[in-house]
Amino acid sequence: MRLLRTLLSSTELVTTILVATSYLAIPVSGTITFPPALSSNLDISQLGRVAVVGDFAAASLYDYTQQSSNSVNTNGKLSLLSRYPTGAFATLEASDAYIYSMCTLQTSGKTTGVFIGGNFTSLGGVESPGIALYNPDTSKVQAISGLSGKVNALLCDSSAGIVYIGGMFSAANTSNAVSWTSNGLKALPFVGFNGAVTSIAKEANGNIVFGGSFDGLGNSTTPKPHDGQRVPLTSATLTGSPATTIANLGNVSNIICKDPTTDGPGNAFLCANDAPCQIQATFPFGFNPTLLRLRNSFSQTTGTKTFYFTAVPLGGILNLSYVDPNGITQYCDQTCPMPKGNTSVQDFHLVNPVGMNGFQLNLAPFMDGTAAGLSDLEMYQNDIYTFAIQNFNEPNCPDVANPATVTTVGTWTTKQSTTGPDYLSNSLTGAINPDDNKVIFSPDIQQAGNYSVTLFTPGCIQDDSCSNRGRVTVSGTLGSQTSNTSPSFSVDIAQTNNFDKFDQIFLGRVDLSSSSFKPTVTVAPSTGQNGPLTIVAQRVKFDLVTTSGGLNGLFEYVPSNKTVNMNFKQSSIDSAATALDSGALVNSVITQNGLLYVGGSFHSGDYSNFFSIGSNATSPADHGLNGPVQAMYPSGNTLFVGGSFNGTINTNGPSGLNGIAAYNTASNKWTALGGGVKGSVSYIVPFQLNLNPAGKTSTTALAISGAFNQINSFGSTSAISVDNFAIWVPSKNNWLQNLNVPTIAVTGLITAGADIPNNPSLFAGSVASFDLGANGALELTGSKSLALEAFPGHLKIPQIMSTNGTSSSNATGVVAGAYYTANNKNYTVLGGHFSASGSNGSTLNNLIIIDGTKGDNVTGVASGISADSTVLAVAIANDAVFAGGSVSGTAAGVQVNGLFVYNISTSDFAKIQPQALQGDTVAVNALAAQPNTQSIYVGGSFDSAGTFPCPGLCIYDTTRNQWTSPANGFKGTVTTMTWVDNTHLLVAGNLTVNNTAMSVALYDSKAQAFGGSGTNGVPSGTITALSPASSNGSMAWIGGSSQDTPFLAKWDGSKWNTVTGLGAGSIIRGLQVFTLTKNHDKTPLLDQNNALLVFGSLNITSFGQASAALFNGTTFTPFLLTNNAQGSPGSVAGIFVANPLNFFKSANHLALGFIVLIGLAISLALIFLIIGAGMAAEILRRRAQGYVAAPSPPPGNDNLQRIPPEELLGGLTQTGRQGGRGWAPEAETGKQVS
């Protein structure tokens, strides 16, 4: 391969991350395998060099059945990943949210599995909230039941057979920390933490260190005053029966949400006389009541003597407690008493509160002949909920001071939940403004304190909205301006969960509700999303948290102790944390070389955000970092640290510590990773790669993910624009983008990883990963098996976006190319819409020429031609490059329009430019250099060349620098064309030949005449691609689209035959028939040794998105998968080859000329043998008989037996040249095209 010393530049560099290539040292044995796809069997041996160009940043051949043009999910869904043998990342199982941590547990030398933690509710379609187990032996996900919430950290202690789990969850009657053994989830000896756990590490002595945002051991507690939240009985369906027939006394609603001191008609409920009755209530949501408040009717002749309370749907009679008139607590169940003539409410507490969504009160009257009744019914709970549906919130009753409320902005509809309370849904389209679509929750907080605030999100399966779910921003104001509470918070939450979930959105102080202040939580769509998007809102919960105190973000657990030592000062780790300012947030703990390293957001008198603990706390070099630490990874004596910092506390510390840094634990010094990144780093995940294709040893690289858009410049390297992802190679002390190595491509996010013995490592993330990073151009190589190779160097296209598939000026990336190897030349030309750097450092626009005879010297258009131009077609004649497209500007001092010529030898515009094309909208869509001539055929949309009329198709003679017309009677718009052989040109577009409309025509340059295809079954729409279907041009394939519907059809010589299999939205940009190395089954559309390769942006009905597909006459098979810079499926414009007339030639078959030569050679050899034998016989005869005179011919017949040689060989081509092409008769002469 040539070395291409070109670096395309742009205002926005492609964000594809380049990862060392297919020669990654990953295990090829193990139970995780990938079924191979069927071979394409393409024969490219006769084509010379083969290039693929288009609008892409990365590409893979379709080698494995699990491959797809995977896009980066931006809605919060991550997946479990492995590696293909090529080194590209492969998706094993998809989750419905984030994966934060992974670890592998081995017991007795066997792999139990890989534990996976996050805020998902399902993994691989298996419902398993927060945590799941992946078994590499079976490649199956196993659910781990009993946990609700989010898992942030996992530690697999294989020596003890225990997995330590930390996060923000409830499990095993504890909070935020739990263990797993073969018996399932188990509470640890301490009762969890009162805040989230974010990291777990094991010390050399076996102790376990938890880091997070807690300040003590403990769970949530009950607010004071107790029973403070009113259950909204107004939202229930209430019935009472049998009820009295007395007017205004038979409706249970009379006693709900009223002044409890009133009685009588309209303010009381009475049962029928002399009969027990029931009050039943059914709610559209569940609740957990703690207090029942009743008031008997006032009348001495009516009222309830006893009652019992039944929970629905449990059906059991509940045990209640009450205080009797003597102040003594009493208990009751089936006969709970009500005082006769009661003038105040009576409170009954539920001894064992249970969840319910309804209840029944069974009332008994005082005496025979009277009616039971009540004048007030109230119910309370401790849980502090605010619902998105206002009817579910606290009622606005006379004695409720600050009821919970909700406010909606936008169009929200109520959805019925199958698993919980009903909720609101908002389906958005187009551009989305968060301020126009939001839900504002206002809780009733009756006690100020530290709260854990949780947002509940219903699953998407129940309302079939998974494909449109995205992200929401949850923000809030929970403290008044006059308090010390932080006034606001904001966090993004993914709503892509398949099943119901909850997320902690805030942990801290919340002020109580009053007439002047109410805490609020707002849910709105996150910015940067477009419709269709579905967002939902259900409820928010506030849990008051209590604590044992004494901790500050760190806790050392000693597994060997049966009880927990509450004297935290005896632990150097616990006491070191208490020396930090209160409210420390620990994000990462790492043990290395006998020390515990701690990173997070905290301060002390001597250091900030990073320090170490041995026998006591030790300040790091330069007193730590000036911003929070989010992640750490140890490697030898180096600790890689990522976060939101740009230097050390000591301003004289080393420079370049931007977002990521390395700390040497032996020398206690900071060093920079190049110049760092522009932004913050959240995840550092190691993986193996091989930088030497010839070797088998691997090196460790670090996948860096976060919120950054640039790798900063350092030394002689320039800044590189990226999209939140980069790769650092410690052994090279450099970013991988700066290393000249063969590469695969990765974009997206990697959050965690885990090694598995005898298997490829597993990772978590959302990535688009391909075999090769090649922006806009790559080469197809190989004989028995095909492979992709990048053009040497890195082609970097500015804004690679999808085109509309037609030859128009909005195409971007590399659109066209050509090889030229005649006359001892070695040129490669690439054209399109991009900018590039030439070998002399100049900026080149839209056209580059790579001269392989001059060390891959790169030249091209630096100025003159408008940078807004797009080169859609190129052709080469000697040292002249013809570039056509939507082109305007000045070349060699003259105005050009649609076409210009660049001279390679002078690295400048040709001194003589073709006369500018004329027309309303000029665009050259196709250029075709006629083989073995000096003619360039120019096709497109134009009326004339200068003043010379040649609408749609014109010929430029490079020897005379003149335009000529191909034939009279031709006009229209040419979209594509190609030479079938040296004299026949296949042309497609919206054409008219001698007043006859046609889509495809065959031009004979000798006869200077056109023949056209028939209209029998011709598809309607715009033709964007064309390929000969036979070696003699008698048949052709066309592709294009009509509105949003693609078409593909073949002209078989008599009619058009359409093909199905490409879905709506497919864009066909190129077609080419290839010869195969292995025949396929017989089909009427393709010979057994041929297949049609379709290029573009294809939606294959049975597969999905592909950039190239192989059609064997019956089915489409993916051939090439690409992605663009934004992580979405890319597009291929087509191919160009060094020997374009050899597509129908195969290495397995000799061409006709060679067959003739071989036949002649054999014939001559036989003739010589016969002549030699005859001469030998004649000599023998002469010796035997003597001399005999030869007879003489008659006079005047000297040339009688002379036959011209062309008559001997002329018949070899007659079938292909006369009547064998299948095209319509020439309109002008009535003869078939020859």
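The values are calculated or read from the model by the stated rules, or taken from the named source; none is laboratory data. Keep in mind it's a predicted model, so treat the numbers as computed, not measured. We place every Cβ from the backbone using ideal geometry, glycine too, and count neighbours over all the protein chains shown.
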Restricting attention to region 489-538, which residues are surrounded by fewer than 20 Cβ atoms within 10 Å (Cβ to Cβ), in contact with a helix residue (DSSP H, G or I) (Cβ under 8 Å, 6 or more places away or on another chain) and in a strand (DSSP E or B)?
none
Qualifying residue in region 255-266 (condition: without any contact (Cβ under 8 Å) to a residue 40 or more places away in the chain and in contact with an Asp or Glu (Cβ under 9 Å, 6 or more places away or on another chain)):
yes
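Among the strands (runs of 3 or more DSSP E) contained in region 597-689, which hold 1 or more residues that are of a type in the set (Lys, Arg) and at pLDDT 95 or above?
On the way: elements: 608-613, 629-635, 638-643, 660-664, 669-672, 677-689.
The qualifying strands (runs of 3 or more DSSP E) are 669-672, 677-689.
What are the residues in region 127-153 that are of a type in the set (A, V, I, L, M, F, W, C) and either crowded, with 17+ Cβ neighbours inside 10 Å or closer than 18 Å to Phe763 by Cα (or both), if any?
Filtering region 127-153 for residues of a type in the set (A, V, I, L, M, F, W, C) gives 131-133, 141, 143-144, 147, 151, 153.
Result: Ile131, Ala132, Leu133, Val141, Ile144, Leu147, Val151, Ala153.
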Just a yes or no: is a residue in region 250-259 over 56 Å from the mean Cα position of the chain (by Cα) and of a type in the set (Val, Ile, Thr)?
yes
Collect the residues in region 400-427 that are modelled with pLDDT under 95 and hydrophobic (A, V, I, L, M, F, W, C), keeping them in residue-number order.
Val400, Ala401, Ala404
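Is it the case that Gln360 is outside the structural domain of Val536 (by TED's automatic domain parsing), more than 27 Å from Leu512 (Cα to Cα) and touching a residue at least 40 places away in the same chain (Cβ under 8 Å)? Walk me through how you get there before you give the answer.
On the way: outside the structural domain of Val536 (by TED's automatic domain parsing): yes; more than 27 Å from Leu512 (Cα to Cα): yes; touching a residue at least 40 places away in the same chain (Cβ under 8 Å): yes.
Considered against the rule, which asks whether it is outside the structural domain of Val536 (by TED's automatic domain parsing), more than 27 Å from Leu512 (Cα to Cα) and touching a residue at least 40 places away in the same chain (Cβ under 8 Å), Gln360 comes out as yes.
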Any idea which of Val993, Val980 is modelled with pLDDT under 90 and out of contact with any Asp or Glu (no Cβ under 6 Å at 6 or more places or on another chain)?
Val980
Being at pLDDT below 80 and surrounded by fewer than 22 Cβ atoms within 10 Å (Cβ to Cβ) is the filter; apply it to region 824-837 and report the residue that is nearest to Thr976 (Cα to Cα).
Ser835
Hits in region 607-625 (condition: out of contact with any helix residue (DSSP H, G or I) (no Cβ under 7 Å at 6 or more places or on another chain) and closer than 17 Å to Lys569 by Cβ):
Gly614
Report yes if Asp543 is touching a Phe, Trp or Tyr at 6+ places or on another chain (Cβ under 7 Å) and over 30 Å from Asp463 (Cβ atoms), otherwise no.
no
Could you list all residues from region 697-708 that are without any contact (Cβ under 8 Å) to a residue 60 or more places away in the chain, under 16 Å from Asn658 (Cβ atoms) and surrounded by 15 or more Cβ atoms within 10 Å (Cβ to Cβ)?
Phe708
Residues within region 154-173 that are crowded, with 21+ Cβ neighbours inside 10 Å and without any contact (Cβ under 8 Å) to a residue 24 or more places away in the chain, tallied:
0
From the list Leu1002, Leu1076, Leu1085, Leu1026, pick out the single residue that is under 30 Å from Ser39 (Cα atoms) and either buried (at least 24 other Cβ atoms within 10 Å of the Cβ) or out of contact with any strand residue (DSSP E or B) (no Cβ under 9 Å at 6 or more places or on another chain) (or both).
Leu1026
Scanning region 898-918 for residues that are in contact with a Gly (Cβ under 8 Å, 6 or more places away or on another chain) and small (Gly, Ala, Ser) gives Gly898, Ala916
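For region 861-869, state whether one or more residues are assigned to a loop (DSSP other than H, G, I, E, B), of a type in the set (A, V, I, L, M, F, W, C) and within 27 Å of Val980 (Cβ to Cβ). First the steps, then the outcome.
Looking only at region 861-869, we keep the residues that are assigned to a loop (DSSP other than H, G, I, E, B), and these are 861-864, 866-869.
With the extra rule that they be of a type in the set (A, V, I, L, M, F, W, C), the set shrinks to 861-862, 867.
Next cut, within 27 Å of Val980 (Cβ to Cβ) only: none.
No, the conditions are met nowhere in region 861-869.
Please state which one of Gly286, Gly266 is in a strand (DSSP E or B) and exposed (fewer than 15 other Cβ atoms within 10 Å of the Cβ).
Numbers: Gly266 fails: in a strand (DSSP E or B).
After applying the criteria, what remains is Gly286.
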Provide a single number: the residues in region 289-314 that are within 51 Å of the chain's Cα centre (by Cα) and either buried (at least 17 other Cβ atoms within 10 Å of the Cβ) or part of a strand (DSSP E or B) (or both).
5
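Tally up the residues in region 712-722 that are part of a loop (DSSP other than H, G, I, E, B) and either of a type in the set (Phe, Trp, Tyr) or buried (at least 20 other Cβ atoms within 10 Å of the Cβ) (or both), please. Explain how you work it out, then say what you get.
Narrowing region 712-722 to residues part of a loop (DSSP other than H, G, I, E, B): 712-713, 715-716, 718-719, 722.
If we keep only those that are either of a type in the set (Phe, Trp, Tyr) or buried (at least 20 other Cβ atoms within 10 Å of the Cβ) (or both) too, we end up with 712, 722.
Number of matching residues: 2.
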Just to be sure before I move on: is Phe269 within 38 Å of the chain's Cα centre (by Cα) and not hydroxyl-bearing (Ser, Thr, Tyr) in the structure I sent?
no
Test set (1) on the phi > 0 side of the Ramachandran plot; (2) modelled with pLDDT of 95 or more - Phe882 fails condition number
(1)
Region 145-178: number of residues that are among the hydroxyl-bearing types (Ser, Thr, Tyr), under 26 Å from Lys541 (Cβ atoms) and in a strand (DSSP E or B)
4
What's the number of the condition Ser1041 fails, among (1) under 36 Å from the mean Cα position of the chain (by Cα); (2) among the polar types (S, T, N, Q); (3) not in a strand (DSSP E or B)?
(3)
Please indicate, with yes or no, whether at least one residue in region 122-134 is more than 18 Å from Ser179 (Cβ to Cβ), out of contact with any helix residue (DSSP H, G or I) (no Cβ under 9 Å at 6 or more places or on another chain) and not in a strand (DSSP E or B).
yes
Is it true that some residue in region 98-115 is modelled with pLDDT under 90, in contact with a Pro (Cβ under 8 Å, 6 or more places away or on another chain) and surrounded by 23 or more Cβ atoms within 10 Å (Cβ to Cβ)?
no
Just to confirm my filter: which strands (runs of 3 or more DSSP E) fall fully inside region 1-73 and include at least 1 residues that are modelled with pLDDT of 85 or more and surrounded by fewer than 23 Cβ atoms within 10 Å (Cβ to Cβ)?
50-55
Looking only at region 222-250, count how many residues are without any contact (Cβ under 8 Å) to a residue 60 or more places away in the chain, assigned to a loop (DSSP other than H, G, I, E, B), out of contact with any Cys (no Cβ under 8 Å at 6 or more places or on another chain) and surrounded by fewer than 16 Cβ atoms within 10 Å (Cβ to Cβ).
4
Check Asp96 against each of (1) more than 21 Å from Val472 (Cα to Cα); (2) touching a strand residue (DSSP E or B) at 6+ places or on another chain (Cβ under 6 Å); (3) acidic (Asp, Glu) and name the one condition it does not meet.
(1)
